[in-house]
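**Q** First the structure, then my questions, so here it is.
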Amino acid sequence: MINKNSKTILDVRELHANIHGTEILKGINLTVRSGEIHAIMGLNGSGKSTLAKVLAGHSDYEVTGGSVKLDDQDILELVPEERARAGVFLAFQYPIEIPGVANSQFLRLAYNTVQSQRGKEELDPLEFDDFVREKMKLLEMNPDFLDRSVNEGFSGGEKKRNEILQMALLEPKLSILDETDSGLDIDALKIVANGVNQITNENNATILVTHYQRLLDYIVPDYVHVMEAGRIIKTGGKELALQLETHGYDWVSSGNQTNAGVTT
Amino acid sequence: MNTVASHDYLTSLLQSLPKKPTDSVSWLKQLRAEAIDQIGKQKFPSLRDEEWRFTDISPLTKLPYRPSLTVSDLQLTDIDHLFLEEPSNRLVFVNGHYAPQLSNIIDANLIIGNLPVLMADHSSSIQMHLGQYAQYQDNFFTTQNTAFLQDGAFISIARNTSVPSPIHLLNIATQPEVTNYMRCLLVADTGSDVTLIEDYVSLQESAYITNAVTEISLAPNAQARHYRVQRENKNAFHLANCTVALAHASRYQSVNVALGAQISRLNLDVRLNDEAAECCIDGLTLITDNQLSDTHTCIDHLKPNGNSQQQHKCIIDGSAHAVFNGKIMVRPQAQQTNSSQSSRNLLLSSQAHIDTKPQLEIFADDVKCAHGATVGQLDSEELFYLQSRGLSMNEARNLLTYAFGAEIINRISVSSLRQRLEQAVLNQTQQIQDR
């Protein structure tokens, strides 16, 4: 929900980033306030997934200019785990599999690591079990998931649900969902969207990185940004996604509109 | 130079040969006499031998360690931390000598104990099997073991008997500068079912040599799970030969874990002697510093409809060197064989070294054989995933390294052993990363 008086959670100014010497992000401006849901749309190669990874601190990308602030704290100098503890969460497009480690172990390790860093109490295995089972209900997950190895042999939908479960456990200030809808059938999409909708509230914010409008039927964004060639070339409300669906990306393409960001 | 050293080694070895005991049964005396003759004809293995070309065991030639003769004064309280938590049939050998006061057999109707004692009542069945699988003609260390054969474990499972508790064969080394000869013979009759754990541990930190030979025979429809844990001290030498003979529709599962020793070598030979036999052989080598660990396996399909699966993993740090040679033979008669092998290796430092060699020799035309080998480092995407969940770089590396090993350890069905090994892997990975 949009409330102009809400505090700013994420403030990105003139962000530039390279990978292996090639510039991918060419001056991103983006302000996200608490309670808001932003969608970042664009064709493959527009830089939207790169933006997600750069915000989470992926070491393959080199930031060459600009600033990123989370709650007024500059996070560009922080390593990924410090950003996670500060409240950034990235739901991966392709979550990795960790054969040999039970999902319950992994989830508890992540949860307790973040909890202790935030000065909160850690949970022992029994307490955690109760806690995680409650959260799993949000995502209609079978408790069997806890005993299986992390993501190993999970279907696409199961992996994405496991990502959102982690989001529910870690209670981030800022969640970035990278192509969370890809590979999901409509039933799985509804379950995942429902989970996300229950986690979002007036104290956190969410960025949905997506190629298609489909997800936005179920998680309704307050703002839609269109990326092309490393820049946000158009920003609008939720109706912008529908217009894109109808007219295609060509409709906004080629720098004819360069209104970047949503600062007022 | 090498020749001279080997010569000294052999001379010393021959001098230390035990006097032939007069109370030995004559066939056993003969088996040993033949092995003693054979020693004089065999050459100490060197890098020039194809089977040893990655594994330099020349340091061994400088160590003419004699067999340990002392009787152990170990008490149960000295070693109870090594016991399984589950009820188990425990056979304890100290420096190669049976320690009845430390052993404990709980399942009735089991023929189990040490060779000299059981020889009295079971001489003919022991004779039928002992030395029949571990052929020593072309194996220096098996020959040596056979020549020094005095004590050892004999386990015989009766027809259609399922042994409820695992058998824990605990081999403890307490003496420096000796050679411990371990021998184990497991004979599982038709339709029987058994779990055997071979466990090698040290209670001191100086160098010594373990020379272990294990023979396993599974009759038709018999099943065995065999877990072998080598956690000798970092100065020890461990030379092991294990031979498994599988009859019709028998099933053999093994997990071999190598953590210890300065130099270790395991030869594991599994022969699928009859139709529809199955084996699943997994291994984990976790070494660091200057350790050298070599695993040579041979899975030999002799008859149709056999099934074999193998996964071997190595985690190598420091300047350690691991060797894996996995031979799969599919003989002309062995049609409809289904076989898969994978060798996966994780190098944690720039000096770590692996030689991995799948070796498929297929002489039948209607078979399915898959194999693959990978060598790599921890994946940066995987590390980033874990970091993005709040884990530090070190924690992320530890978790991935641990997971890599745990995948093999999870195949062990005895939970206290599994947990102990998981802990051992965790401790070692933490040591590795905390430097």
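**Q** Evaluate region A:239-251: report whether one residue or more is among the small types (G, A, S), out of contact with any Cys (no Cβ under 9 Å at 6 or more places or on another chain) and at pLDDT below 95.
**A** Going through region A:239-251, the residues among the small types (G, A, S) turn out to be A:241, A:248.
Right, trim to out of contact with any Cys (no Cβ under 9 Å at 6 or more places or on another chain) and you get A:241, A:248.
Going one step further and asking which of them are at pLDDT below 95, we end up with A:241, A:248.
Within region A:239-251, one or more residues are among the small types (G, A, S), out of contact with any Cys (no Cβ under 9 Å at 6 or more places or on another chain) and at pLDDT below 95.
**Q** Here is a list: B:T142, B:T161, B:T146. Which entry is out of contact with any helix residue (DSSP H, G or I) (no Cβ under 9 Å at 6 or more places or on another chain) and among the polar types (S, T, N, Q)? Please lay out each step first, then the result.
**A** Working: B:T142 fails: out of contact with any helix residue (DSSP H, G or I) (no Cβ under 9 Å at 6 or more places or on another chain); B:T146 fails: out of contact with any helix residue (DSSP H, G or I) (no Cβ under 9 Å at 6 or more places or on another chain).
Selected residue: B:T161, the only one of B:T142, B:T161, B:T146 that is out of contact with any helix residue (DSSP H, G or I) (no Cβ under 9 Å at 6 or more places or on another chain) and among the polar types (S, T, N, Q).
**Q** Under 8 Å between Cβ atoms, at least 6 apart or on separate chains: pull out the pairs that start in region B:238-250 with a residue that is at positive phi and modelled with pLDDT of 95 or more and end on any residue that is of a type in the set (G, A, S) and buried (at least 23 other Cβ atoms within 10 Å of the Cβ).
**A** B:A249/B:A277
**Q** Which one of these is at pLDDT below 95 and either β-branched (V, I, T) or farther than 30 Å from B:A403 by Cβ (or both): A:I75, A:I98, A:I40? Step through it out loud before you land on a result.
**A** Values: A:I75 fails: at pLDDT below 95; A:I40 fails: at pLDDT below 95.
Answer to the selection: A:I98.
**Q** Go through region A:171-215 and count every residue that is within 18 Å of A:I9 (Cβ to Cβ) and either in a loop (DSSP other than H, G, I, E, B) or touching a Cys at 6+ places or on another chain (Cβ under 9 Å) (or both).
**A** So the count comes out to 8.
**Q** Can you find even one residue in region A:133-154 that is under 21 Å from A:K173 (Cβ atoms), among the hydroxyl-bearing types (S, T, Y), within 11 Å of chain B (Cβ to nearest Cβ) and buried (at least 20 other Cβ atoms within 10 Å of the Cβ)? Talk me through it step by step, then tell me what you get.
**A** Taking region A:133-154 as the starting set, the residues that turn out to be under 21 Å from A:K173 (Cβ atoms) are A:135, A:138-139.
If we keep only those that are among the hydroxyl-bearing types (S, T, Y) as well, we get none.
No, because not a single residue in region A:133-154 is under 21 Å from A:K173 (Cβ atoms), among the hydroxyl-bearing types (S, T, Y), within 11 Å of chain B (Cβ to nearest Cβ) and buried (at least 20 other Cβ atoms within 10 Å of the Cβ).
**Q** Separate question: Among the candidates A:G42, A:G27, A:G21, A:G65, single out the residue that is small (G, A, S) and free of Cβ contacts under 8 Å to residues at least 12 places away in the same chain. Don't jump to the end; show me each part of the working.
**A** Values: A:G42 fails: free of Cβ contacts under 8 Å to residues at least 12 places away in the same chain; A:G27 fails: free of Cβ contacts under 8 Å to residues at least 12 places away in the same chain; A:G65 fails: free of Cβ contacts under 8 Å to residues at least 12 places away in the same chain.
Just one listed residue meets the conditions, A:G21.
**Q** Given region B:139-190, what strands (runs of 3 or more DSSP E) lie entirely inside it while holding 2 or more residues that are of a type in the set (G, A, S) and either at pLDDT 95 or above or crowded, with 23+ Cβ neighbours inside 10 Å (or both)? Explain how you work it out, then say what you get.
**A** Details: elements: B:153-157, B:167-173, B:178-188.
In region B:139-190, B:153-157 are the strands (runs of 3 or more DSSP E) which contain 2 or more residues that are of a type in the set (G, A, S) and either at pLDDT 95 or above or crowded, with 23+ Cβ neighbours inside 10 Å (or both).
**Q** Hand me the list of strands (runs of 3 or more DSSP E) wholly inside region A:1-98 holding 3 or more residues that are under 14 Å from the mean Cα position of the chain (by Cα) and within 14 Å of chain B (Cβ to nearest Cβ). I'd like the intermediate steps shown before the answer.
**A** Values: elements: A:8-19, A:22-33, A:37-42, A:61-70, A:88-91.
Strands (runs of 3 or more DSSP E) meeting the threshold: A:88-91.
**Q** Check whether at least one residue in region A:207-224 is in contact with a His (Cβ under 9 Å, 6 or more places away or on another chain), buried (at least 23 other Cβ atoms within 10 Å of the Cβ) and closer than 29 Å to A:S116 by Cα, and report yes or no.
**A** Yes: one or more hits.
**Q** Name the residues in region B:231-264 that are part of a strand (DSSP E or B) and in contact with a Ser or Thr (Cβ under 6 Å, 6 or more places away or on another chain), would you?
**A** Going through region B:231-264, the residues part of a strand (DSSP E or B) turn out to be B:231, B:237-246, B:251-258, B:263-264.
Passing the criteria: B:H238, B:N241, B:C242, B:A245, B:A258, B:S264.
**Q** Here is a follow-up. When you scan region A:46-78, how many residues do you find that are crowded, with 22+ Cβ neighbours inside 10 Å and among the β-branched types (V, I, T)?
**A** 3
**Q** Given the options B:H353, B:H312, B:H371, B:H321, name the one that is of a type outside the set (K, R), touching a Lys or Arg at 6+ places or on another chain (Cβ under 9 Å) and either within 23 Å of B:S250 (Cβ to Cβ) or not assigned by TED's automatic domain parsing to the domain that holds B:D56 (or both). Walk me through it before giving the result.
**A** Details: B:H353 fails: touching a Lys or Arg at 6+ places or on another chain (Cβ under 9 Å); B:H371 fails: touching a Lys or Arg at 6+ places or on another chain (Cβ under 9 Å); B:H321 fails: touching a Lys or Arg at 6+ places or on another chain (Cβ under 9 Å).
Every option except B:H312 fails the conditions.
**Q** Looking at A:L169, A:L242, which one is surrounded by fewer than 18 Cβ atoms within 10 Å (Cβ to Cβ) and either in contact with a Lys or Arg (Cβ under 9 Å, 6 or more places away or on another chain) or over 24 Å from A:K7 (Cα atoms) (or both)?
**A** Values: A:L169 fails: surrounded by fewer than 18 Cβ atoms within 10 Å (Cβ to Cβ).
None of the other options fit; the residue is A:L242.
**Q** Considering only region A:108-130, how many residues are of a type in the set (A, V, I, L, M, F, W, C), at the interface with another protein chain (Cβ under 9 Å from one of its Cβ atoms) and touching a residue at least 12 places away in the same chain (Cβ under 8 Å)? Lay out the reasoning, then the answer.
**A** Restricting attention to region A:108-130, the residues satisfying the condition of being of a type in the set (A, V, I, L, M, F, W, C) are A:109-110, A:114, A:123, A:126, A:128.
Narrowing the set further to residues that are at the interface with another protein chain (Cβ under 9 Å from one of its Cβ atoms) leaves A:109-110, A:114.
Now narrow it down to the ones that are touching a residue at least 12 places away in the same chain (Cβ under 8 Å): A:110, A:114.
Number satisfying all stated conditions: 2.
**Q** Next question, about the same structure. Out of B:Q291, B:Q311, I need the residue that is touching a residue at least 40 places away in the same chain (Cβ under 8 Å) and over 22 Å from B:N235 (Cβ atoms). Which one?
**A** From the options B:Q291, B:Q311, the qualifying one is B:Q311.
**Q** Provide a single number: the residues in region B:100-118 that are closer than 19 Å to B:F148 by Cβ and surrounded by 19 or more Cβ atoms within 10 Å (Cβ to Cβ). Let's see the steps before the verdict.
**A** In the first step, residues of region B:100-118 are kept if they are closer than 19 Å to B:F148 by Cβ; the result is B:114-118.
Right, trim to surrounded by 19 or more Cβ atoms within 10 Å (Cβ to Cβ) and you get B:114-115, B:118.
Residues in region B:100-118 being closer than 19 Å to B:F148 by Cβ and surrounded by 19 or more Cβ atoms within 10 Å (Cβ to Cβ): 3 in total.
**Q** Please find, among B:L91, B:L74, B:L118, B:L84, the residue that is outside the structural domain of B:L417 (by TED's automatic domain parsing), among the aliphatic types (A, V, I, L, M), touching a Phe, Trp or Tyr at 6+ places or on another chain (Cβ under 9 Å) and not in a helix (DSSP H, G or I).
**A** Working: B:L74 fails: touching a Phe, Trp or Tyr at 6+ places or on another chain (Cβ under 9 Å); B:L118 fails: not in a helix (DSSP H, G or I); B:L84 fails: touching a Phe, Trp or Tyr at 6+ places or on another chain (Cβ under 9 Å).
Answer to the check: B:L91.
**Q** OK, next. What is the residue count in region B:338-364 for residues that are over 18 Å from B:T401 (Cα atoms) and in contact with a Cys (Cβ under 9 Å, 6 or more places away or on another chain)?
**A** Result for region B:338-364: 8.
The values are calculated or read from the model by the stated rules, or taken from the named source; none is laboratory data. Note that the structure is predicted; figures quoted are calculated from it, not measured. A quick note on method: Cβ atoms are made from the backbone with ideal geometry, for glycine too, and the neighbour counts reach across all protein chains shown.
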